[in-house]
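Peer 1: Quick one: the structure is below, questions incoming.
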Amino acid sequence: MRSIIITYKKFFLDQLSQIEQTVDHLFRHEWGKLVAVLTKLFGPQNLQLAEDVVQDTLLQAFNNWKINGLPQNPSAWLFTVARNKAIDVLRQQKRKEAFSKTITPLLQSEYTLVPTVQDMVNTNTIDDDQLRMMFVCCHPSLSTEAQVALILKTLCGFSVTEIAKAFVTGYDTIEKRLYRARQNFRDHHVPFDLPLVAELDQRLENVLMAIYLLFNEGYNSTQNDNLIRRDLMQEAIRLGELICRSPAIDHTNAHALLALMHFNASRNESRLDAAGNILLLQLQDRTKWNSSLIQNGIQHLEAAASGKKISKYHLEAGIAYEHATATSYTTTNWKNILQCYNLLCKFYPSPVVELNRAIVIAELYGPAEGIKAIETITQLSSLKKYYLLPATLGELHLQLQQPDKAKQFFLEALVLTHAASEKKLLQQKIIQFCG
């Protein structure tokens, strides 16, 4: 009898774990879709209401599924529940004068309410709804930081903590940005539409920035035990492809970003060893690189070349291209990579770009020159909490046969990173090379 109970308990816990994993997966993949269609329904002025309905839907899913098991089509189940909740909310809210002004007359009449909601909340228009939502989030009444934070929250399912990490800022700061953004939508009566052509380019820049931040969190996760989060990377690529499919938007920079993401994603299978340890670029098995993703990256890079301007994504994709197509680490065309970084420093300067440029200088001219380049970085003090600064200095001093200095920098980097895999790599370097 005891063995039966233990077996049943294990089965139940396994089922519960599977449900938790499924809800977490759906949170990432369906959150943005549901928020977009409900924002279309309620209006951007009621964005918080849309998010609340989605959150209630996911909570109901978890409570229902842990008792009844997973439905055959979890996504369809979520849309059905969200639709029903939206109808209930509209019935409750439409009596309020302020709310009734933000919704169409079809949603105010009981005769047309249900069929209108059923027509608007469906999976057939998801791509269009999410595309519009991206540009709604980048309304010019919002600051750039608020725009990107809003996309990460509403479309990508980022937590406030994850957004704070992406911006290297505090939790409270992001909370305030999101609150002010929602208030801005109410104050400016922002419509759920694509902007006029004159505004598209300006808003597109911030849309692409948010997609890139999403990809980077998947490529090098700051909030997860796993270094690589393929679900986030795939979602970022999917959102980039949404833009490229729209005839109303200039695709050039989006193609460049997609090229960059495909090149970087192609190395996923070689970035960790069997024990989960980070393998730096020079140690990676290039036979494990995904040639299909590299070819996709090349195609997007060729499509990006049709534009008249070169964006930062063009230059970063050019760097990633050199890495992705080099047959070995030693045959990497570092001179071409340095040229790209020189252009980035000229047209899109930042301390992080200058740090990466210094690493390339070290590859070409030796570690001492790399350290000199780091010491001349503009606004070097802004990198004092960026773990890759001391980690890079530790590596360069190691190459100069200065293990004591290297250890000092590795220990500094160890305090600054929260990622378990990065901490493990630094600890291994200290033990193996610094004594």
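The values are calculated or read from the model by the stated rules, or taken from the named source; none is laboratory data. Just so it is clear, the structure is predicted and the values come from calculations on it, not from any experiment. No Cβ is skipped: glycine too gets one built from the backbone with ideal geometry, and neighbour counts run over all protein chains shown.
Peer 1: Within the range 103-132, restricting attention to residues that are in contact with a Phe, Trp or Tyr (Cβ under 8 Å, 6 or more places away or on another chain) and crowded, with 18+ Cβ neighbours inside 10 Å, which residue is modelled with the lowest pLDDT? Step through it out loud before you land on a result.
Peer 2: Of the range 103-132, the ones in contact with a Phe, Trp or Tyr (Cβ under 8 Å, 6 or more places away or on another chain) are 103, 121-123, 132.
The next check asks that each one be crowded, with 18+ Cβ neighbours inside 10 Å; those that pass are 103, 121, 132.
Values: Ile103: 66, Val121: 78, Arg132: 90.
By that ranking, first place goes to Ile103.
Peer 1: From Ala368, Ala373, Ala362, Ala358, grab the single residue that is small (Gly, Ala, Ser) and within 26 Å of His262 (Cα to Cα). Please lay out each step first, then the result.
Peer 2: Numbers: Ala368 fails: within 26 Å of His262 (Cα to Cα); Ala373 fails: within 26 Å of His262 (Cα to Cα); Ala362 fails: within 26 Å of His262 (Cα to Cα).
That would be Ala358, the only listed residue that is small (Gly, Ala, Ser) and within 26 Å of His262 (Cα to Cα).
Peer 1: Return the only residue of Asn290, Asn216, Asn253, Asn220 being more than 16 Å from the chain's Cα centre (by Cα), surrounded by fewer than 19 Cβ atoms within 10 Å (Cβ to Cβ) and not small (Gly, Ala, Ser). Break it down stepwise before answering.
Peer 2: Values: Asn216 fails: more than 16 Å from the chain's Cα centre (by Cα); Asn253 fails: surrounded by fewer than 19 Cβ atoms within 10 Å (Cβ to Cβ); Asn220 fails: more than 16 Å from the chain's Cα centre (by Cα).
Checking each option against the conditions leaves just Asn290.
Peer 1: Residues being surrounded by 14 or more Cβ atoms within 10 Å (Cβ to Cβ) and closer than 28 Å to Thr330 by Cβ: count how many of those fall in the range 373-397. First the steps, then the outcome.
Peer 2: Taking the range 373-397 and keeping what is surrounded by 14 or more Cβ atoms within 10 Å (Cβ to Cβ), we get 373-374, 377, 380, 382-383, 386-397.
Going one step further and asking which of them are closer than 28 Å to Thr330 by Cβ, we end up with 373-374, 377, 387-397.
Total meeting the criteria: 14.
Peer 1: I would also like to ask the following. Output the residue which, of all residues in the range 256-278 that are loosely packed, with under 15 Cβ neighbours inside 10 Å and in contact with a helix residue (DSSP H, G or I) (Cβ under 8 Å, 6 or more places away or on another chain), is nearest to Leu214 (Cα to Cα). Walk me through how you get there before you give the answer.
Peer 2: Going through the range 256-278, the residues loosely packed, with under 15 Cβ neighbours inside 10 Å turn out to be 269, 273-277.
Checking the rest, the ones that are also in contact with a helix residue (DSSP H, G or I) (Cβ under 8 Å, 6 or more places away or on another chain) come to 269, 276-277.
Working: Glu269: 19, Gly276: 22, Asn277: 23 Å.
In this case the residue turns out to be Glu269.
Peer 1: Filter the range 137-182 for residues that are surrounded by fewer than 18 Cβ atoms within 10 Å (Cβ to Cβ) and in a loop (DSSP other than H, G, I, E, B) and give the result.
Peer 2: Correct list: Pro140, Ser141, Ser143, Ser159, Val168, Thr169, Gly170.
Peer 1: Pull up the range 24-74, narrow it to residues that are over 21 Å from the mean Cα position of the chain (by Cα) and small (Gly, Ala, Ser), then point me to the one that is farthest from Thr125 (Cα to Cα).
Peer 2: By that ranking, first place goes to Gly69.
Peer 1: Would you point out the residue of the range 161-170, among those that are under 21 Å from Trp31 (Cα atoms) and out of contact with any Leu (no Cβ under 7 Å at 6 or more places or on another chain), that is modelled with the lowest pLDDT? Break it down stepwise before answering.
Peer 2: First pass over the range 161-170, keeping only residues under 21 Å from Trp31 (Cα atoms): 161-166.
Those left that are additionally out of contact with any Leu (no Cβ under 7 Å at 6 or more places or on another chain): 161-162, 164-165.
On the way: Thr161: 85, Glu162: 81, Ala164: 85, Lys165: 76.
Here the residue is Lys165.
Peer 1: Filter the range 399-423 down to the residues that are part of a loop (DSSP other than H, G, I, E, B) and under 27 Å from the mean Cα position of the chain (by Cα) and list them by number. Give the steps one after another, and end with the answer.
Peer 2: Here is the first cut: in the range 399-423, the residues part of a loop (DSSP other than H, G, I, E, B) are 400-402, 417-419.
Within the range 399-423, Thr417, His418, Ala419 qualify.
Peer 1: Looking at the range 56-96, which of the residues that are of a type in the set (D, E, K, R) and more than 20 Å from Thr116 (Cβ to Cβ) is modelled with the highest pLDDT?
Peer 2: Going through the range 56-96, the residues of a type in the set (D, E, K, R) turn out to be 56, 66, 83, 85, 88, 91, 94-96.
Subsequent filtering for residues that are more than 20 Å from Thr116 (Cβ to Cβ) retains 56, 66.
Values: Asp56: 93, Lys66: 81.
This residue is Asp56.
Peer 1: If we scan the range 306-317, do we find a residue that is in a helix (DSSP H, G or I) and of a type in the set (Ser, Thr, Tyr)?
Peer 2: Taking the range 306-317 as the starting set, the residues that turn out to be in a helix (DSSP H, G or I) are 312-317.
Among the residues that remain, those that are also of a type in the set (Ser, Thr, Tyr) are: 313.
Yes, the range 306-317 contains a residue that is in a helix (DSSP H, G or I) and of a type in the set (Ser, Thr, Tyr).
Peer 1: For the range 361-379, state whether one or more residues are under 19 Å from Asn216 (Cβ atoms) and in contact (Cβ under 8 Å) with a residue 12 or more places away in the chain. If you could, list the steps in order and put the result at the bottom.
Peer 2: Initially, the range 361-379 is screened for residues under 19 Å from Asn216 (Cβ atoms), giving none.
Within the range 361-379 (the criterion being under 19 Å from Asn216 (Cβ atoms) and in contact (Cβ under 8 Å) with a residue 12 or more places away in the chain), the answer is no, since none of the residues qualifies.
Peer 1: I need a count of the residues in the range 343-368 that are part of a helix (DSSP H, G or I) and farther than 14 Å from Ser311 by Cβ.
Peer 2: 17
Peer 1: Within the range 193-243, restricting attention to residues that are hydrophobic (A, V, I, L, M, F, W, C) and either out of contact with any helix residue (DSSP H, G or I) (no Cβ under 8 Å at 6 or more places or on another chain) or without any contact (Cβ under 8 Å) to a residue 24 or more places away in the chain (or both), which residue is nearest to Leu293 (Cα to Cα)? Reasoning before the result, please.
Peer 2: Taking the range 193-243 and keeping what is hydrophobic (A, V, I, L, M, F, W, C), we get 194, 196-198, 200, 204, 207-211, 213-215, 227-228, 232-233, 236-237, 239, 242-243.
Now narrow it down to the ones that are either out of contact with any helix residue (DSSP H, G or I) (no Cβ under 8 Å at 6 or more places or on another chain) or without any contact (Cβ under 8 Å) to a residue 24 or more places away in the chain (or both): 196-198.
On the way: Leu196: 34, Val197: 32, Ala198: 34 Å.
So, considering only residues that are hydrophobic (A, V, I, L, M, F, W, C) and either out of contact with any helix residue (DSSP H, G or I) (no Cβ under 8 Å at 6 or more places or on another chain) or without any contact (Cβ under 8 Å) to a residue 24 or more places away in the chain (or both), the one nearest to Leu293 (Cα to Cα) is Val197.
Peer 1: Condition first: outside any loop (DSSP other than H, G, I, E, B) and out of contact with any Phe, Trp or Tyr (no Cβ under 9 Å at 6 or more places or on another chain). Now tell me which residues in the range 374-395 satisfy that. Give the derivation first.
Peer 2: Here is the first cut: in the range 374-395, the ones outside any loop (DSSP other than H, G, I, E, B) are 374-375, 380-383, 388-395.
Those that are outside any loop (DSSP other than H, G, I, E, B) and out of contact with any Phe, Trp or Tyr (no Cβ under 9 Å at 6 or more places or on another chain): Ile374, Glu375, Leu380, Ser381, Ser382, Leu383, Leu388.
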